[in-house]
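The values are calculated or read from the model by the stated rules, or taken from the named source; none is laboratory data. In this text the structure is predicted, and so the values were computed from the model without any measurement. Ideal geometry is used to build each Cβ from the backbone, glycine not excepted, and the neighbour counts take in all protein chains shown. Note: areas computed on protein heavy atoms with side chains; ligands, DNA, RNA excluded. Shrake-Rupley method; radii C 1.70, N 1.55, O 1.52, S 1.80 Å.
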Amino acid sequence: VENSSGTIHLETFDGDIFVYNSEPLDTGDVLTIKANNSIYLQSVSHSIIEANSTSGSITYSGEIQTDGQYSFKNNKGNIALSIPEESSCMVEVLVQKGRFSFIDLPIKVITENKSPVSVQKIVGQMGEGEATINIVSASGRILIRKLK
């Protein structure tokens with residue numbers, strides 16, 4: 001999907017989903033994606049995004065809207081977000097079997113529950129924490145890094 005606008009719902013059982021240069025028409029327009037394989041999002045302006053993958057990776061590269069609500073969920077596979085250094089958001093990460101890291105971003109860790117036998121939960125804040133980013137992964141690496 002390229003250069004599209006409005007509420008967008010995409011779902012596939014076999015194959016990857018790519019979304020480039022999409023935007024809402026009205027406040028509250030949602031971008032919803034469900035895939036068994038990988039999801040790639042780049043230059044997406046929707047402030048409400050729900051991306052769920054069963055066994056592929058999820059890659060997001062772009063701005064974080066001030067009023068944004070972002071949800072990235074994955075059963076098996078990596079989740080990688082590339083966002084601007086000046087983003088203002090709360091980040092909540094739940095990971096069961098996997099690793100989590102921030103690279104080159106001013107994320108202040110507020111709470112961290114690391115347990116080798118249960119779900120790890122990390123809550124962090126960038127800027128004033130205006131947007132919310134929720135990331136859930138059963139297994140796989142989660143990486144949040146500075147957009148270049």
Qualifying residue in the stretch 24-37 (condition: within 16 Å of the chain's Cα centre (by Cα), modelled with pLDDT of 95 or more and within 16 Å of residue 147 (Cβ to Cβ)): no
Single residue of the stretch 117-141 satisfying the filter (hydrophobic (A, V, I, L, M, F, W, C) and farther than 12 Å from residue 93 by Cα) that is nearest to the chain's Cα centre (by Cα): 131
Selection within the stretch 11-43 - within 19 Å of residue 137 (Cβ to Cβ) and open to solvent by 80 Å² or more (accessible area, probe 1.4 Å): 34
Residue pairs meeting the criteria (Cβ under 6 Å; at least 6 apart or on separate chains; first under 11 Å from residue 78 (Cβ atoms), in the stretch 45-67; second of a type in the set (S, T, N, Q) and assigned to a strand (DSSP E or B)): 53/74; 58/74
Whichever residue in the stretch 82-117 is of a type outside the set (Val, Ile, Thr) and under 13 Å from residue 136 (Cβ atoms) and, among such residues, is least open to solvent (accessible area, probe 1.4 Å): 98
